[in-house]
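Participant: Questions regarding the structure given below will be posed in turn.
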């Protein structure tokens with residue numbers, strides 16, 4: 001059968017989401033009509049600046065903070081870098097050899113920025129996770145130091161979907177800071193995968209710095225946000241003009257700001273309904289594929305997980321081979337983070353951190369989104385079971 005004559009099914013929404021039609025409509029006027037530089041002081045530029053200000057207020061309202069806490073960036077990677085390197089450079093004013101703690105399953109944007117902290121003379125500790133991918137506050141207590149300036153743990157992991165106890169970590173760090181009589185350590189969380197499904201109100205999360213990315217919430221690529229709570233001070237890492245309260249230089253793109261704003265509002269408004277819908281699809285997927293093969297292992301936490309991400313390992317099978325077979329059948333999935341070339345070459349670092357090194361090159365990620373239907377899941381599971389059966393028979397004959 002020629003599968004390309006059928007609809008291709010996208011099951012990699014953790015890597016990218018399509019821009020919603022209403023989001024595209026909100027952006028349209030800024031491409032050619034209201035294209036003016038918001039830093040200009042003539043009437044048209046001031047009007048665009050005012051629109052950005054209104055959108056900034058809407059973003060702040062969705063997150064439960066003041067508009068002064070919102071820093072627009074070019075995406076999640078820049079927000080992570082600004083949080084980590086910005087906090088590091090500021091902390092050097094009062095801390096000798098600043099120390100940072102990250103979990104063993106952080107996104108490459110976080111891990112890469114931390115590598116730069118170390119290159120610049122800082123110290124690093126890795127907070128290990130259990131077999132479900134969860135960090136422990138008790139383990140965090142063991143690695144905290146007087147010179148710790150930042151703890152960075154993602155709210156929800158992009159490969160296995162595990163949701164971390166960020167609020168619990170935040171409460172412990174507040175007590176630690178009180179005892180130390182210090183403003184440090186800050187708590188940063190990359191929440192890029194979370195807005196579609198979780199409450200990301202800053203007061204509830206108890207984080208000091210929070211990263212968001214437009215491309216994960218059905219908004220445009222090329223825009224993100226770093227939320228910095230009141231009293232949190234960081235150095236800029238991009239220099240030039242005094243935009244974004246002198247925390248991030250560069251002319252803002254009003255179209256991207258408008259698109260991000262509406263996408264975030266919709267993500268939060270629809271989160272409960274969409275979570276229930278996708279959790280049902282997730283349950284169906286897992287029940288179906290584990291019935292067709294008793295080899296399949298589901299990674300992550302059975303209870304504390306996003307509803308749209310499923311990571312499975314199939315011992316004895318090479319994940320890239322299965323991915324290519326599924327691609328031929330019109331099913332688009334991934335072998336891990338789309339942002340890491342190293343992982344595609346050497347296996348998933350997240351799966352290794354779970355204590356499953358032998359499965360790091362035998363793991364696939366399926367991630368659902370707003371357009372995903374039960375029909376899509378039925379076809380995807382049917383094809384996955386068929387591919388595994390065919391590959392297994394091929395091995396037996398060999």
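The values are calculated or read from the model by the stated rules, or taken from the named source; none is laboratory data. No experiment lies behind these values; they were computed from the predicted model shown. As a convention, Cβ positions derive from the backbone with ideal geometry for all residues, glycine included, and neighbour counts pool all protein chains shown.
Participant: Just checking, how many residues over region 206-231 are surrounded by fewer than 24 Cβ atoms within 10 Å (Cβ to Cβ) and outside any loop (DSSP other than H, G, I, E, B)?
Facilitator: Of the residues in region 206-231, 1 are surrounded by fewer than 24 Cβ atoms within 10 Å (Cβ to Cβ) and outside any loop (DSSP other than H, G, I, E, B).
Participant: Out of all the residues in region 307-348, which are more than 25 Å from residue 279 (Cβ to Cβ) and either modelled with pLDDT under 90 or under 17 Å from the mean Cα position of the chain (by Cα) (or both)?
Facilitator: Once the filter is applied, which keeps residues that are more than 25 Å from residue 279 (Cβ to Cβ) and either modelled with pLDDT under 90 or under 17 Å from the mean Cα position of the chain (by Cα) (or both), region 307-348 yields 339, 340, 341, 342, 343, 344, 345, 346, 347.
Participant: In addition: Any idea which of 8, 56 is outside the structural domain of residue 250 (by TED's automatic domain parsing) and at pLDDT 95 or above?
Facilitator: One residue alone meets the criteria, 8.
Participant: Can you find a residue in region 61-70 that is closer than 30 Å to residue 258 by Cα, free of Cβ contacts under 8 Å to residues at least 12 places away in the same chain and under 23 Å from the mean Cα position of the chain (by Cα)?
Facilitator: yes
Participant: Please pick out the residue among 156, 167 that is crowded, with 20+ Cβ neighbours inside 10 Å and closer than 30 Å to residue 13 by Cα.
Facilitator: Answer to the selection: 156.
Participant: Go through region 232-241 and give me each residue that's over 20 Å from residue 62 (Cα atoms) and either in contact (Cβ under 8 Å) with a residue 60 or more places away in the chain or surrounded by 12 or more Cβ atoms within 10 Å (Cβ to Cβ) (or both).
Facilitator: Once the filter is applied, which keeps residues that are over 20 Å from residue 62 (Cα atoms) and either in contact (Cβ under 8 Å) with a residue 60 or more places away in the chain or surrounded by 12 or more Cβ atoms within 10 Å (Cβ to Cβ) (or both), region 232-241 yields 233, 234, 235, 236, 237, 238, 241.
Participant: If you scan region 131-156, which residues turn out to be without any contact (Cβ under 8 Å) to a residue 24 or more places away in the chain and assigned to a loop (DSSP other than H, G, I, E, B)?
Facilitator: Once the filter is applied, which keeps residues that are without any contact (Cβ under 8 Å) to a residue 24 or more places away in the chain and assigned to a loop (DSSP other than H, G, I, E, B), region 131-156 yields only 136.
Participant: Given 51, 89, which one is in contact with a helix residue (DSSP H, G or I) (Cβ under 7 Å, 6 or more places away or on another chain) and either surrounded by fewer than 21 Cβ atoms within 10 Å (Cβ to Cβ) or closer than 22 Å to residue 159 by Cβ (or both)?
Facilitator: Among 51, 89, only 51 is in contact with a helix residue (DSSP H, G or I) (Cβ under 7 Å, 6 or more places away or on another chain) and either surrounded by fewer than 21 Cβ atoms within 10 Å (Cβ to Cβ) or closer than 22 Å to residue 159 by Cβ (or both).
Participant: Continuing with the same structure: One residue is enough: does region 232-241 have a residue meeting the conditions assigned to a helix (DSSP H, G or I) and out of contact with any helix residue (DSSP H, G or I) (no Cβ under 7 Å at 6 or more places or on another chain)?
Facilitator: no
Participant: Considering (1) more than 19 Å from residue 210 (Cβ to Cβ); (2) surrounded by fewer than 21 Cβ atoms within 10 Å (Cβ to Cβ); (3) touching a helix residue (DSSP H, G or I) at 6+ places or on another chain (Cβ under 7 Å), say which one residue 118 fails and leave the rest.
Facilitator: (3)
Participant: Do you know which of the residues in region 123-150 that are surrounded by 23 or more Cβ atoms within 10 Å (Cβ to Cβ) and over 21 Å from the mean Cα position of the chain (by Cα) is nearest to residue 88 (Cα to Cα)?
Facilitator: Out of the qualifying residues, it is 149.
Participant: Just wondering, is there one or more residues in region 244-258 that are closer than 30 Å to residue 356 by Cα and in a helix (DSSP H, G or I)?
Facilitator: No, region 244-258 contains no residue that is closer than 30 Å to residue 356 by Cα and in a helix (DSSP H, G or I).
Participant: Please give the number of the condition residue 168 fails out of (1) under 30 Å from residue 310 (Cβ atoms); (2) outside any helix (DSSP H, G or I).
Facilitator: (2)
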